[in-house]
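Just below is one structure, and these are the notes that go with it.
The values are calculated or read from the model by the stated rules, or taken from the named source; none is laboratory data. Remember, predicted model here, so these are calculated numbers, not experimental data. No Cβ is skipped: glycine too gets one built from the backbone with ideal geometry, and neighbour counts run over all protein chains shown.
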């Protein structure tokens with residue numbers, strides 16, 4: 001099968017969908033996704049999205065992000081993200097996103113590493129709310145088509161330019177998708193870890209393929225742990241207990257019921273404190289107590305966490321939650337500029353797949369959705385500005401068909417996974 005489009009987007013998380021919606025309507029867009037449209041890590045996001053609280057908040061927001069990233073962030077990328085935060089939230093509101101409000105104004109909560117409340121949210125299922133609105137809007141667009149259960153196995157590369165994607169469906173058939181521009185929005189690497197908050201099918205394929213083609217990557221070993229996931233050794237995908245629970249005042253306790261760290265410190269600091277406490281006490285988890293927040297706060301702000309814990313035998317109104325750190329996020333990825341352009345012509349990377357320098361060595365809580373939205377929109381605008389007419393495309397020459405036989409190997413994805421594991425090195429075992 002050989003299909004053509006103006007833009008191919010690989011991935012259906014918030015970055016991929018927002019990019020598609022910001023492309024010109026004259027562009028024919030194809031979205032390929034490895035699983036169901038809804039099964040992206042964006043859908044699982046609980047906490048919220050950061051937004052600058054006016055001009056007076058810029059310096060504080062900037063410093064919080066830089067400090068969390070150990071000042072290894074790209075200052076230009078951080079500034080761009082903060083300056084664009086209000087407008088992307090306005091875009092989401094225009095799509096119908098139902099953020100929490102009080103008296104007509106957006107409510108904001110605070111999470112670890114933030115010096116003030118600046119995170120808009122929808123209960124404790126912000127990702128689901130945003131994704132539901134984006135999916136509905138994408139399905140309304142006549143210029144966008146979606147193909148589920150299509151796994152990218154390679155890029156089509158000719159004369160050092162990306163000319164599209166090769167994918168494989170669940171039927172084993174290979175499909176060739178030619179495109180003027182290709183956008184990689186494939187998520188992170190959680191499926192390569194024994195315990196992760198990510199979906200298991202998200203395994204860093206785009207990073208492996210980029211490495212195969214010599215596309216520049218950066219900080220692929222910069223793996224972030226989430227400090228508080230529900231302790232359940234029988235489950236490989238860990239239930240995340242949102243940062244905003246601690247932002248609202250929940251306490252981390254040891255086996256004696258004692259607080260042992262600053263719950264609002266950046267994630268890497270809290271993770272290190274939990275591990276140190278577990279080692280001191282010889283335990284395999286600690287506890288997160290939120291019962292003192294009161295039933296009204298818990299049921300109104302954290303209904304999903306309340307119900308998910310209840311299903312696992314914990315009543316958060318009366319019992320502390322057993323928690324342990326687990327792999328959560330990749331700060332590095334395919335290196336991109338401020339317009340999400342990679343080192344290869346005509347291929348872009350956005351979301352967790354990419355590394356634009358915003359997060360530095362450690363991501364500040366609730367900057368992930370914001371960063372994805374801001375730079376997905378910038379990619380769309382860059383692609384739209386360079387969109388070529390059909391006449392121009394016809395003059396660009398025909399594409400030589402690749403050797404499809406090599407993609408039929410059952411071991412292909414195993415090789416890709418091994419490539420990313422080796423690039424991450426010891427971080428793979430840092431759980």
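Evaluate the following for residue 428: is it crowded, with 17+ Cβ neighbours inside 10 Å, modelled with pLDDT of 90 or more and in contact with a helix residue (DSSP H, G or I) (Cβ under 7 Å, 6 or more places away or on another chain)?
Considered against the rule, which asks whether it is crowded, with 17+ Cβ neighbours inside 10 Å, modelled with pLDDT of 90 or more and in contact with a helix residue (DSSP H, G or I) (Cβ under 7 Å, 6 or more places away or on another chain), residue 428 comes out as no.
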Test of understanding: among 340, 372, 396, 411, which residue is out of contact with any strand residue (DSSP E or B) (no Cβ under 8 Å at 6 or more places or on another chain) and modelled with pLDDT of 95 or more?
372
Considering only segment 33-67, how many residues are in a helix (DSSP H, G or I) and in contact (Cβ under 8 Å) with a residue 12 or more places away in the chain?
14
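Run down 325, 320 and say which single residue is touching a helix residue (DSSP H, G or I) at 6+ places or on another chain (Cβ under 9 Å), touching a residue at least 24 places away in the same chain (Cβ under 8 Å) and crowded, with 24+ Cβ neighbours inside 10 Å.
On the way: 320 fails: crowded, with 24+ Cβ neighbours inside 10 Å.
Criteria check complete, one pass: 325.
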Can you pull out the residues in segment 226-267 that are part of a loop (DSSP other than H, G, I, E, B), free of Cβ contacts under 8 Å to residues at least 60 places away in the same chain and within 12 Å of residue 290 (Cα to Cα)?
249, 250
Selection count, segment 292-316, where residues are in contact (Cβ under 8 Å) with a residue 60 or more places away in the chain and out of contact with any strand residue (DSSP E or B) (no Cβ under 9 Å at 6 or more places or on another chain)
4
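Quick check on this structure: which one of 295, 255 is within 20 Å of residue 315 (Cβ to Cβ), touching a helix residue (DSSP H, G or I) at 6+ places or on another chain (Cβ under 6 Å) and not assigned by TED's automatic domain parsing to the domain that holds residue 160? If you could, list the steps in order and put the result at the bottom.
Values: 295 fails: touching a helix residue (DSSP H, G or I) at 6+ places or on another chain (Cβ under 6 Å).
Among 295, 255, only 255 is within 20 Å of residue 315 (Cβ to Cβ), touching a helix residue (DSSP H, G or I) at 6+ places or on another chain (Cβ under 6 Å) and not assigned by TED's automatic domain parsing to the domain that holds residue 160.
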Please indicate, with yes or no, whether at least one residue in segment 180-202 is surrounded by fewer than 24 Cβ atoms within 10 Å (Cβ to Cβ) and assigned to a strand (DSSP E or B).
yes
Would you be able to tell me the number of residues in segment 343-392 that are buried (at least 24 other Cβ atoms within 10 Å of the Cβ) and part of a strand (DSSP E or B)?
5
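Residues being in a helix (DSSP H, G or I) and under 16 Å from residue 361 (Cβ atoms): count how many of those fall in segment 68-84.
Here is the first cut: in segment 68-84, the ones in a helix (DSSP H, G or I) are 68, 75-84.
From what is left, the residues that are under 16 Å from residue 361 (Cβ atoms) are 68, 75, 77-78.
The qualifying residues number 4.
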